[in-house]
Amino acid sequence: MRVLGIESSCDETGVAVYDTAAGLLAHRVYSQIELHQDYGGVVPELASRDHVRKLLPLLRETLTAAGLGVRDLDGVAYTSGPGLVGALLVGAATARALAWSLDLPAIGVHHMEGHLLAPLLEPDAPQPPFVALLVSGGHTQLIAVRGIGEYELIGDTLDDAAGEAFDKTAKMLGLPYPGGPELARLAESGTPGRFRFARPMCDRPGLDFSFSGLKTQVLLAWEKSDRSDQTRADIARGFEQAVTETLATKCRRALAETGMRALVVAGGVGANLRLRAALHTAAVNDGFNVAFPRPEFCTDNGAMIAFAGALRLAAGQRQDTSIAVRPRWPLEELLATTPAEPLTLR
Amino acid sequence: MSGWLLSLDTSTEAVSVALLRAAECYERFELAPKRQAQRVLPMIDEVLAEAGIVKSMLGAIAVGRGPGAFTGVRLGISVAQGIALGLDVPVLPISSLAALAADVIDIDPTLTVLATIDARMGEVYAGCYRFDAQHGVQLIGDECVGPAHSVPLARAERWGVIGTGWSAYPEFWSPRIGAPEFADGARFPRASRIAELAVSRWQRGHGIAPEFALPAYLRDKVALTEVERGVR
């Protein structure tokens with residue numbers, strides 16, 4: 001079964017074709033980062049406008065790369081939430097209408113399920129059960145994945161997401177948008193240990209996160225400092241260390257509490273090299289497996305949507321011809337719609 | 001350039017779809033604010049069933065390309081793009097203001113028409129139209145967005161006005177237009193009119209590939225940069 005996947009929940013347009021027998025056939029992502037740079041953040045209306053301009057050309061390019069025409073497709077999957085409503089609607093409407101015109105089944109995919117399953121696109125991917133760390137600009141969650149489609153939220157952030165903390169901290173330090181990756185780059189030239197910030201919520205039991213206090217600590221340190229370039233880099237390093245160590249501590253706890261032996265990491269912050277290193281070290285020390293999607297599948301992409309959609313279509317799930325998006329869609333509510341039988345490709 | 005023309009419009013509070021071939025026309029029109037996305041494809045299935053035809057008999061897609069509600073305009077364009085890509089047929093993007101104007105011209109082709117849609121934020125989308133035996137419904141000047149007291153208007157003696165922009169700002173229009181010979185401030189663009197306007201263009205070979213069928217928002221400044229906000 002060849003499934004077209006379309007992602008348009010925020011500021012990336014993603015298109016991919018996944019074949020349940022042959023794997024990923026082609027994928028393309030167009031990032032709007034430059035478009036939003038002058039605004040200091042994603043402007044929802046501009047994001048929607050760009051999706052509608054870019055989606056079809058990207059779709060044609062992806063099909064060409066896969067050597068396919070629209071008539072070679074067997075199903076269409078699209079991100080139906082959570083995300084920016086206008087942006088979601090462009091992908092959902094185009095995808096649903098395309099499927100309608102070809103009499104193909106269509107399915108709306110939960111964006112976070114896409115991220116959660118993205119590591120499974122890789123060869124030698126761990127199979128459930130595993131713990132997933134979803135860590136992005138909008139999420140910091142620990143999820144116990146008992147089977148595909150069987151998710152239990154076991155840890156969540158009480159305030160800022162980790163990626164959001166990166167972006168906001170970068171802004172405080174005067175770094176250009178999008179600040180997160182910029183801050184990580186700067187941290188590489190920082191002195192480890194010169195600034196040590198508290199590891200939030202690590203001194204008490206539980207799997208929840210909180211990053212807003214850390215942001216305040218950084219602000220105070222920056223305001224009291226000489227504000228030199230080196231200090232900025234040193235603070236960035238201290239901040240990054242606090243975040244990555246906190247994430248690693250909670251992952252180890254989650255594995256211990258669930259008794260699971262594998263960790264998968266997904267979401268934009270999953271591309272952070274220090275986080276990867278910290279989790280690799282923890283994996284060696286504690287004896288668990290850790291898997292990351294390739295960096296391009298950490299950020300938003302169509303491949304993960306095509307993959308998650310293929311699983312659900314193969315299980316017989318369908319979206320009727322109404323075009324529906326859910327800008328706010330807690331992952332827990334996806335659980336209620338999950339079939340009793342775990343989803344598999346066979 | 002054969003077969004049926006499918007037309008759709010979701011640019012305002014209404015959702016409408018139509019099928020047109022020669023003198024045959026089938027239409028569904030609903031006032032369904034916030035439910036256009038839910039309704040548009042099922043409504044197309046309904047008109048196809050009523051006409052007794054199948055998708056493969058569609059030869060082109062016409063769509064209301066705005067101006068109107070941003071999200072609604074994009075919905076219509078996205079649906080048209082998706083269908084046209086799947087069926088490999090051309091798209092004819094049609095102005096929602098021209099579709100409104102055609103309603104008046106159908107009643108009295110000698111009037112100059114102001115078609116106007118409430119754009120919120122104290123502004124309207126507006127365009128002036130006249131009927132011309134050779135070219136049909138013709139835009140005079142440009143479509144634009146602005147306050148009702150200052151958007152440019154054509155020179156005319158006898159006016160017909162149509163659309164929600166009229167009923168939203170009567171106090172600003174009346175000094176400029178006086179008492180029009182025809183006025184309806186509660187009319188929305190309809191897919192059947194869009195189909196009528198599209199069909200001659202289709203016949204002249206003006207259908208375009210779906211990726212080139214894009215919204216006309218008119219209001220293009222939608223956010224301030226950091227520099228404009230004075231934060232950088």
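The values are calculated or read from the model by the stated rules, or taken from the named source; none is laboratory data. Fair warning: this is a prediction, and the values are worked out from it, not measured in the lab. Every residue, glycine among them, receives a Cβ derived from its backbone with ideal geometry; neighbour counts consider all protein chains shown.
Being more than 8 Å from chain A (Cβ to nearest Cβ) and farther than 20 Å from B:ARG219 by Cβ is the requirement here; does B:ALA98 meet it? Before the answer, list the steps.
Details: more than 8 Å from chain A (Cβ to nearest Cβ): yes; farther than 20 Å from B:ARG219 by Cβ: no.
Against the criterion (more than 8 Å from chain A (Cβ to nearest Cβ) and farther than 20 Å from B:ARG219 by Cβ), B:ALA98 does not qualify.
Every condition in (1) in contact with an Asp or Glu (Cβ under 7 Å, 6 or more places away or on another chain); (2) within 13 Å of chain A (Cβ to nearest Cβ) is met by B:LEU31 except one, and the failing one is (2).
Just to be sure, is A:GLU113 within 26 Å of A:ARG60 (Cα to Cα), among the acidic types (Asp, Glu) and more than 13 Å from chain B (Cβ to nearest Cβ)? If you could, list the steps in order and put the result at the bottom.
Working: within 26 Å of A:ARG60 (Cα to Cα): yes; among the acidic types (Asp, Glu): yes; more than 13 Å from chain B (Cβ to nearest Cβ): yes.
Here the answer is yes, as A:GLU113 does meet what is asked.
Looking only at residues of the stretch B:174-232 that are within 14 Å of chain A (Cβ to nearest Cβ) and of a type in the set (Ser, Thr, Tyr), we find that the one that is farthest from B:SER150 (Cα to Cα) is B:THR225.
For the stretch A:191-211, a residue qualifies if it is on the phi > 0 side of the Ramachandran plot and modelled with pLDDT under 90, and exactly one does: A:MET201.
Checked against (1) more than 18 Å from the chain's Cα centre (by Cα); (2) closer than 30 Å to A:MET304 by Cβ; (3) among the aliphatic types (A, V, I, L, M); (4) not in a helix (DSSP H, G or I), A:ALA198 passes all but a single condition, namely (2).
Of the residues making up the stretch B:63-95, those that are away from every other protein chain (no Cβ under 13 Å) and under 10 Å from the mean Cα position of the chain (by Cα) are B:GLY64, B:PRO67, B:GLY68, B:ILE94, B:SER95.
Do we find a residue being surrounded by fewer than 17 Cβ atoms within 10 Å (Cβ to Cβ), out of contact with any strand residue (DSSP E or B) (no Cβ under 6 Å at 6 or more places or on another chain) and assigned to a strand (DSSP E or B) anywhere in the stretch B:24-37? Within the stretch B:24-37, one or more residues are surrounded by fewer than 17 Cβ atoms within 10 Å (Cβ to Cβ), out of contact with any strand residue (DSSP E or B) (no Cβ under 6 Å at 6 or more places or on another chain) and assigned to a strand (DSSP E or B).
Going by what's in this entry, would A:LEU4 be described as more than 12 Å from chain B (Cβ to nearest Cβ) and either modelled with pLDDT of 95 or more or not in a helix (DSSP H, G or I) (or both)? Reasoning before the result, please.
On the way: more than 12 Å from chain B (Cβ to nearest Cβ): no; either modelled with pLDDT of 95 or more or not in a helix (DSSP H, G or I) (or both): yes.
Criteria not met by A:LEU4.
Residue count for the stretch A:164-195 satisfying the condition of being in a helix (DSSP H, G or I) and closer than 24 Å to B:VAL231 by Cβ: 17. Applying the criterion of being within 21 Å of the chain's Cα centre (by Cα) and at the interface with chain B (Cβ under 10 Å from one of its Cβ atoms) to the residues of the stretch A:25-39, the residue that is modelled with the lowest pLDDT is A:GLN37.
Scanning the stretch B:47-62 for residues that are more than 11 Å from every other protein chain (Cβ to nearest Cβ) and charged (D, E, K, R) turns up just one, B:GLU50. Determine whether the stretch B:152-169 contains at least one residue that is within 14 Å of another protein chain (Cβ to nearest Cβ), out of contact with any helix residue (DSSP H, G or I) (no Cβ under 6 Å at 6 or more places or on another chain), of a type in the set (A, V, I, L, M, F, W, C) and surrounded by 14 or more Cβ atoms within 10 Å (Cβ to Cβ). No.
The set of residues in the stretch A:127-147 that are more than 17 Å from the chain's Cα centre (by Cα) and part of a loop (DSSP other than H, G, I, E, B) comprises A:GLN127, A:PRO128, A:PRO129. When B:ALA115, B:ALA99 are checked against the criterion of being at pLDDT 95 or above and in a strand (DSSP E or B), B:ALA115 stands alone in meeting it. Within the stretch B:197-210, not a single residue is over 30 Å from B:ALA22 (Cα atoms), surrounded by 13 or more Cβ atoms within 10 Å (Cβ to Cβ) and in contact (Cβ under 8 Å) with a residue 40 or more places away in the chain.
Take A:ALA132 and tell me if it is buried (at least 24 other Cβ atoms within 10 Å of the Cβ) and assigned by TED's automatic domain parsing to the domain that holds A:ALA161.
Yes; evaluated as a whole, the condition is true for this residue.
Residues in the stretch A:71-90 that are surrounded by fewer than 24 Cβ atoms within 10 Å (Cβ to Cβ), farther than 19 Å from A:GLU12 by Cβ and touching a residue at least 40 places away in the same chain (Cβ under 8 Å): 3 in all. Against the conditions (1) more than 9 Å from chain A (Cβ to nearest Cβ); (2) closer than 26 Å to A:ALA77 by Cα, B:ILE107 satisfies every one except (2).
Among the residues of the stretch A:56-78, just one is in contact with a Gly (Cβ under 7 Å, 6 or more places away or on another chain) and within 9 Å of chain B (Cβ to nearest Cβ), namely A:VAL70. Scanning the stretch A:218-277 for residues that are of a type in the set (Val, Ile, Thr), assigned to a helix (DSSP H, G or I) and touching a residue at least 40 places away in the same chain (Cβ under 8 Å) returns A:VAL218, A:ILE235, A:VAL243, A:THR246, A:THR249, A:THR258, A:VAL269.
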